[in-house]
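Notes follow the structure.
The values are calculated or read from the model by the stated rules, or taken from the named source; none is laboratory data. Note that the structure is a prediction, hence the values are computed from the model and not measured. Cβ placement follows ideal geometry from the backbone for every residue including glycine, while neighbour counts extend to all protein chains displayed. Remember, those area values only see protein heavy atoms, side chains included, never the ligands or the DNA or RNA. Shrake-Rupley method; radii C 1.70, N 1.55, O 1.52, S 1.80 Å.
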Amino acid sequence: MNKSGAQMNNDPRNTGCFSAESLRKLTGIMYEMKISYGTRLFWEYDKADKLYYIKKGSFRITKSSDDGRHFVLYLYKEGDLFGQVDPFRTLTQGFNAEVVEDSIVGVIQQRDLEILLWQHGELAIEFMKWMGLVHRMTQTKFRDLMMFEKTGALCSNYNQAC
């Protein structure tokens, strides 16, 4: 508990926003995909209509600059959820997802996620918390890249509480 009496989330995964029941619902709509080390799950500007839940392995999320440099923003591991979806418009990936080791991911299609969120209000609230967390983490990384350059951004550690 913190000073305000709220429960602190010490879960190192970014899915700590979800209850066990909500995670069960999410995993129930996933299909499994195996991906080999050294490949890319997606590239910047690919269509963004899926989320990925890491069942085994790890991924490096990078961003390319206009001058061709690549910045490592995240290293996601087993139990993390990543990707981009937008129910209001067609979205493209803002990042690259590189496979760091042989991996297995659960893929969540946007249309399946939308139905699940519509059916389960508590999951929808938890999903909004997760989206807020991911947004804050990305803002922090970009701020640190701008203010402290590459080393500072890589060293920054944002509190992942939802």
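Tell me, how many Å apart are the Cα centres for the range 42-60 and for the range 73-142? Here the answer is 9 Å between Cα centres. Excluding same-chain residues fewer than 8 positions from K129, which lysines have a Cα within less than 16 Å of its Cα? In chain and number order, there are no partners. For K63, the aspartates and glutamates whose Cα falls under 20 Å of its own Cα, not counting residues fewer than eight places away in the same chain, are E44, D46, D49, D80, D86, E98, E101, D144, E149. Positive contributions from Lys and Arg (+1) and negative ones from Asp and Glu (-1), summed over other residues with Cβ under 12 Å from the Cβ of A97, come out at 0. The stretch between W43 and Y31 holds 2.3 nm of extra length on full extension. This uses 0.36 nm per residue minus the Cα-Cα distance.
Please identify every one of the trypsin sites (Lys or Arg not before Pro) in the range 20-125 that sits in a loop by DSSP and has no more than 12 other beta carbons within 10 Å of its own beta carbon. Taking the range 20-125 and a limit of 12 other Cβ atoms within 10 Å, the loop trypsin sites (Lys or Arg not before Pro) found are R69, R89. Per residue, the range 1-143 exposes 57 Å² of accessible surface when a 1.4 Å probe is rolled over the protein heavy atoms with every protein chain present. Potential lengthening of the chain between Q109 and V72 amounts to 10.8 nm, from the contour at 0.36 nm per residue minus the alpha-carbon distance.
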